[in-house]
Amino acid sequence: MRRRSFLIRAAAAAAAVGGGLWLKDHVIWRRPRLSFPDDGSSGWLPFVVANAATPTVRTRIAGRTVTALIDSGAQYSVIDRALVADLGLTTFFDMPMVAYGVGGQPQVGRGVTLDLAVGAMAVTGLRAAILDLGPIAEAAGLSSPLVLGQDVLGEAVLEMEMKRRRTRLADPAVHRLSPAVRPVEVRRAGAALTGEITVEGAVIHAVIDTGASALLALSESSALAAGLLDGRPQRASSSIVLGGVAPARVVRARTVTFGDDLWRGVATNIYADAPLPNYPAALLGMAAFEDRDVVLDLGRGRLHLSPQLDLTIG
């Protein structure tokens, strides 16, 4: 079982009427407020699930310690329905949404307003979707009943030291880059950060997804366009997705590039297409950043990485 793809695609019903997009972004899903101590960061936090490639941190909500997955592929932050009941939370907003995990089934839910702490950083007024996270929240999965998505990451700089399996969130106003990292060309696509990759020479724009562990996952149409569905061997697999486990296919891409980096013989997950706005053509996951320092500035559309020691892997 691969912890590959957890991507929230939520659409508020108000977006279908005049002025609905403004209402969604400024009232229903208004930005949370992040407060930093004098040094301007949450402090370095170890990954809670140390053997997972995806970043998980301890947070404090309503006097309880809760593990959270930091997921740059999730449009909004999400809290598991069972945790809401356990915490006795009652501050709901009745805005229905439809949420999709890549390869998973849609869910309809409500929202709750959260105040929480991530290390020394305080987050207030975070409006999170209430959904059934399934194995993501369970002990057999990531044990993460909270997902911190693009709404939080848009207000902070995410730093990860993958060799040391630790991360921190920093105030963009005072953050300074380490001389050990270099810029990689990326761009904003909605609230997500995307980068240009090539798969056997085919150019594809992939979402930079800290919630995905594998190096690469492609939609079926992207895999077809890249020539990966040419009769080469496939194997069946499964992925933890929103609310459960979805079947997946895995094929091997001969070459994948991102920026100056090249990988060979990449096991590539293929997920089903869906006729949804902003549905990703590809996900570039944490295996692309193994043993590297990563600085993801979603708000300003920037990504910096320390160089790979060996640029050819395979």
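Matching residues to (1) out of contact with any Lys or Arg (no Cβ under 8 Å at 6 or more places or on another chain); (2) open to solvent by less than 20 Å² (accessible area, probe 1.4 Å); (3) modelled with pLDDT of 95 or more:
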position: 55; (1), (2), (3): yes, yes, yes
position: 60; (1), (2), (3): yes, no, yes
position: 67; (1), (2), (3): no, no, yes
position: 91; (1), (2), (3): yes, no, no
position: 119; (1), (2), (3): no, no, yes
Neighbours by Cβ (under 7 Å, 6+ apart or cross-chain): first from segment 36-52, on the phi > 0 side of the Ramachandran plot and part of a loop (DSSP other than H, G, I, E, B); second of a type in the set (A, V, I, L, M) and crowded, with 20+ Cβ neighbours inside 10 Å: 40/170
Residue 251 fails exactly one of (1) open to solvent by 30 Å² or more (accessible area, probe 1.4 Å); (2) more than 25 Å from residue 164 (Cα to Cα); (3) touching a strand residue (DSSP E or B) at 6+ places or on another chain (Cβ under 6 Å), namely (1)
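Determine which member of the set 153, 148, 177, 126 is hydrophobic (A, V, I, L, M, F, W, C), out of contact with any Phe, Trp or Tyr (no Cβ under 8 Å at 6 or more places or on another chain), at pLDDT 95 or above and open to solvent by 10 Å² or more (accessible area, probe 1.4 Å).
Working: 153 fails: open to solvent by 10 Å² or more (accessible area, probe 1.4 Å); 148 fails: open to solvent by 10 Å² or more (accessible area, probe 1.4 Å); 126 fails: open to solvent by 10 Å² or more (accessible area, probe 1.4 Å).
So the residue among 153, 148, 177, 126 that is hydrophobic (A, V, I, L, M, F, W, C), out of contact with any Phe, Trp or Tyr (no Cβ under 8 Å at 6 or more places or on another chain), at pLDDT 95 or above and open to solvent by 10 Å² or more (accessible area, probe 1.4 Å) is 177.
Collect the residues in segment 128-165 that are farther than 25 Å from residue 300 by Cα and outside any loop (DSSP other than H, G, I, E, B), keeping them in residue-number order. Walk me through how you get there before you give the answer.
We begin by selecting, within segment 128-165, every residue farther than 25 Å from residue 300 by Cα; these are 130-145, 163-164.
If the condition is that a residue be farther than 25 Å from residue 300 by Cα and outside any loop (DSSP other than H, G, I, E, B), then 130, 131, 134, 135, 136 are the ones that fit.
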Could you list, in sequence order, the residues of segment 160-179 that are out of contact with any strand residue (DSSP E or B) (no Cβ under 6 Å at 6 or more places or on another chain) and acidic (Asp, Glu)? 171
Are any of the residues in segment 184-198 open to solvent by less than 30 Å² (accessible area, probe 1.4 Å), in contact (Cβ under 8 Å) with a residue 40 or more places away in the chain and closer than 17 Å to residue 272 by Cβ? no
Among strands (runs of 3 or more DSSP E) lying entirely in segment 182-240, which contain 3 or more residues that are in contact with a helix residue (DSSP H, G or I) (Cβ under 9 Å, 6 or more places away or on another chain)? 192-199, 202-208
Is there any pair with a first residue in segment 272-286 that is farther than 13 Å from residue 217 by Cα and in a loop (DSSP other than H, G, I, E, B) and a second that is modelled with pLDDT of 85 or more and open to solvent by 50 Å² or more (accessible area, probe 1.4 Å) whose Cβ atoms are under 7 Å apart and which are 6 or more apart or on different chains, and what are they? 278/190
Out of all the residues in segment 134-168, which are touching a residue at least 60 places away in the same chain (Cβ under 8 Å) and within 19 Å of residue 64 (Cα to Cα)? 136, 142, 143, 144, 145, 146, 147, 148
Looking for whichever is more than 27 Å from residue 291 (Cβ to Cβ), at pLDDT below 95 and open to solvent by 10 Å² or more (accessible area, probe 1.4 Å) here; the options are 236, 225. Which one fits? 236
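The values are calculated or read from the model by the stated rules, or taken from the named source; none is laboratory data. All of these numbers come straight from a predicted model, not from anything done at the bench. Quick reminder, even Gly has a Cβ in these numbers, built from the backbone with ideal geometry, and neighbours come from all protein chains shown. With ligands, DNA and RNA removed, areas are computed over all heavy atoms of the protein, side chains included. Shrake-Rupley method; radii C 1.70, N 1.55, O 1.52, S 1.80 Å.
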